[in-house]
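Below is one structure; the comments refer to it alone.
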Amino acid sequence: MEHRREPRFKPNQNATVVVVGFKPGPVIPACVLDISNRGMRLRTKSEVPCGATVEITVKGTVARGSVCRCEPDDGSYEVGIQKLETVQRAVRP
């Protein structure tokens, strides 16, 4: 039985993650496992520190959020992001 307040979408889209405040921050490749209005779940090859503010870019849209969990999973990491805001959307000519 589904108990979530919002629907989940499983887009399986490629994304990049940058930890805000690291200069220059490494760009971490990621795959979006699911996404909702309140957050998202990603798979990465690199650990991302819990509590870190990150910017996630998916298809030209940049969202900022906070890492609420990062757990090892069979050679990679599942990263939970609590979304704070959409920062920008790329404008296509």
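Nothing in this text is a laboratory measurement; each read-out follows from the coordinates by a stated rule. Predicted model, so just to flag it, every value in this text is computed and none were measured. Virtual Cβ from ideal backbone geometry, glycine too; neighbours counted across all protein chains shown.
Assorted remarks:
- Of the residues making up region 20-50, those that are part of a strand (DSSP E or B) and either within 9 Å of the chain's Cα centre (by Cα) or surrounded by 17 or more Cβ atoms within 10 Å (Cβ to Cβ) (or both) are 28, 30, 31, 32, 33, 35, 39, 40, 41, 42, 43, 44.
- Only one entry of 28, 35 meets the criterion of being in contact with a Pro (Cβ under 8 Å, 6 or more places away or on another chain) and closer than 16 Å to residue 13 by Cβ, and that entry is 35.
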